[in-house]
Amino acid sequence: MSGSSRPERPTSAGVIPVNETTDRVVATDEATAVPTARTPKAKRKAVVTGRKDYSGRQRVVIGTLSVLTLFVVWESVTRIFDVPQLFLPKLSDIFAALLTTHRSGVLVENTLISVNLFVWSMLLSFAIAIPLGLVVGAVDWLNRTFTTWFWAVYTAPRIVFIPLVLLWAGISTTAKVVIIVISAVPPTTVVIIEGVKTVEGSLLRVARSYGASRRQTLRLVVFPATLPFIGTGVRMGVSRGLVGLFGAELFTAHSGLGYLLLDAGKRYNTPLVFGILGVYLLLCMTAIAGSTSLEKRLSRWRE
């Protein structure tokens with residue numbers, strides 16, 4: 001063979017030419033081409049879903065237009081058909097009731113009480129649920145023993161626990177915190193437990209081969225691999241925590257948005273009831289948007 005000729009690699013299928021500079025197989029026939037260790041992986045093809053991807057500005061414009069359309073239709077229907085205020089008040093009356101409550105200082109004060117209660121309760125819930133989910137998911141006997149109980153509490157209606165919590169803690173802020181924690185911890189925990197089960201066994205074997213302890217394996221292998229599931233668990237915990245907040249403030253109504261809602265209902269102030277519900281919806285949308293953004297950030301490593 002001359003010096004300028006391309007080297008050949010013998011195989012069971014015959015002789016295959018090899019490029020000297022890249023050490024890659026020069027495939028002249030798919031049946032005889034054998035990839036080497038340096039052969040680059042094929043690039044992933046973009047999946048065409050047929051759905052149009054809107055920019056952030058377009059989403060804001062579309063959302064704003066949809067809300068304005070709803071407001072116009074609401075106000076028009078209540079005025080044209082003269083709907084009784086007890087069933088569906090005019091949108092202008094709702095804003096007027098909210099403005100009156102705001103001027104008295106009651107709305108902002110009770111909104112801040114609800115927001116502070118929710119934020120601190122959720123931080124406590126995540127401080128419990130994330131380590132608990134990692135440990136229970138990683139330790140086999142804990143997984144077999146307690147996962148069923150977590151699922152049972154997760155699927156049970158939260159309202160069944162409220163009378164028991166009130167017996168233990170009375171009508172107090174502590175009772176509200178306990179109700180929110182009971183609502184948020186189970187869904188977050190079960191998602192993380194299921195996420196731990198998806199950690200690749202090869203990663204665990206590598207960690208053990210390097211002499212990593214169980215605590216180091218949890219911190220350096222299991223925790224990073226479970227981050228997308230932690231993001232999903234946080235989002236589910238936030239949504240369930242909002243339900244717990246609403247129930248807690250209704251049953252222990254002495255402050256917060258739930259107190260304003262219950263008080264307005266007792267006085268048959270339907271416009272204010274709708275207004276407080278609107279404030280609740282804004283709080284829910286903000287919390288869900290924040291948790292969804294966190295979930296996307298924690299899932300970026302998959303891309």
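A short reminder: the numbers here are calculations on the coordinates, not readings from a lab. In this text, all values refer to a predicted model and were calculated from it rather than measured experimentally. Cβ: placed from backbone, ideal geometry, glycine included. Neighbour counts: every protein chain shown.
Compare the peptides 165-171, 248-254 by average per-residue count of other Cβ atoms within 10 angstrom and give them in order, highest first. Can you show the working numbers first?
Values: 165-171: 13.6, 248-254: 20.7.
Those peptides, ordered most packed to least, come out 248-254, 165-171.
Which net charge results for the neighbourhood of residue 78, defined as the other residues with beta-carbon distances under 10 angstrom from its beta-carbon, given Lys and Arg at +1 and Asp and Glu at -1? Combined, the nearby Lys, Arg, Asp and Glu give -1.
Summing charges over neighbours of residue 217, with a neighbour being any other residue whose Cβ is under 14 Å away from its Cβ, gives +3 when K and R count +1 and D and E count -1. Charge tally for residue 166 (other residues, Cβ to Cβ under 14 Å; Lys, Arg +1; Asp, Glu -1): +1.
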